[in-house]
Amino acid sequence: MKVFCISDNNDTMLGMRLCGIEGVVLKGRDEILKQLDALIADEEIAIVLLTTRAIEEVADVVSNYKLNLQRPLLVEIPDRFGSLEIGETIDSYISDAIGIKL
């Protein structure tokens, strides 16, 4: 099983590569969705790391995938600019999944 990173900046991608995690730097909704669909189709990919700003580009699709796909695990990671309130995003996903506002 492999881990792959979709980043919106070179600094985060460099850090991931130093840890042995492959990935790409993408800008724009279409590029990110194309790469994400390819990773979902790849049976060897177990975890996809996405920077906060990359997730913001495709938030509606990622939210749907998180609720409906068993594999891969989609994980939001902060980039060098900070977390941009990841905790609130996680609360939102949980609320959507269980139907109760937290």
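No lab work stands behind these numbers, since they all come straight from the coordinates. Since the structure is predicted, the reported quantities are computational estimates derived from the model, not experimental observations.
Values as computed for the structure displayed
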quantity	calculated
Length released on extending from A46 to E31, taking residue separation times 0.36 nm less the Cα-Cα span	3.4 nm
Cα centroid separation, region 1-42 to region 51-66 (Å)	13
